Amino acid sequence: MLFGIVLSRASLGERSVQNVLILGGAIVFAAAQTLSFFLTNYFMRIDPELAALVTTEPVPPMPLYTLAGLGAASVVIGLCLIFSEQLKTYGVLRLVVPAGRQTLTLYIGHILVGMGTLEAMGLLGGQTVAQAVWASLLFCMGATVYALVWSAWFKRGPIETLMRVLAG
């Protein structure tokens, strides 16, 4: 959340900021992964349960996982900003902007609908990377279609509207 606040205050249209996001994100991601690798090996020798504290695995989400995620997200955001003009030219932005305006709704939806459905089906654990990528792509496509349809009638997503009402 704090990183999102920092990003909201940055001049994201400036190429130098975009480059810092890409390079800085790559450095943070690599540092978190490297640190996790060495610390995990070190802690495994002491007590295998301690190794969970320094992994970049999503479960349990520990600080190095968060740093790796922030780094990877920074790279993706920087690249998207750099290529946004080309995406606009090809009409891709018109398709994805509504989803970008409903990030909280889609985040909660991915937890409740996406993860909840997988949990109910007994498919949440033990997937291969390919299965996880396919599930993610399927959710992203569904979320994009939902956001396009929703935005035809409403300016904001349902959770974003609720937050505005509650926050004033």
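Every read-out reported here was derived from the displayed coordinates using simple, explicitly stated rules and does not represent laboratory data. Source: prediction; values computed, not measured. A quick note on method: Cβ atoms are made from the backbone with ideal geometry, for glycine too, and the neighbour counts reach across all protein chains shown.
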Looking at (1) closer than 18 Å to residue 6 by Cβ; (2) in contact (Cβ under 8 Å) with a residue 40 or more places away in the chain; (3) exposed (fewer than 13 other Cβ atoms within 10 Å of the Cβ); (4) not basic (Lys, Arg), which is the one condition that is false for residue 29? (3)
Wholly inside region 68-168, helices (runs of 4 or more DSSP H) that include 3 or more residues that are surrounded by 13 or more Cβ atoms within 10 Å (Cβ to Cβ), over 14 Å from the mean Cα position of the chain (by Cα) and in contact (Cβ under 8 Å) with a residue 24 or more places away in the chain are 92-100, 129-151, 158-167
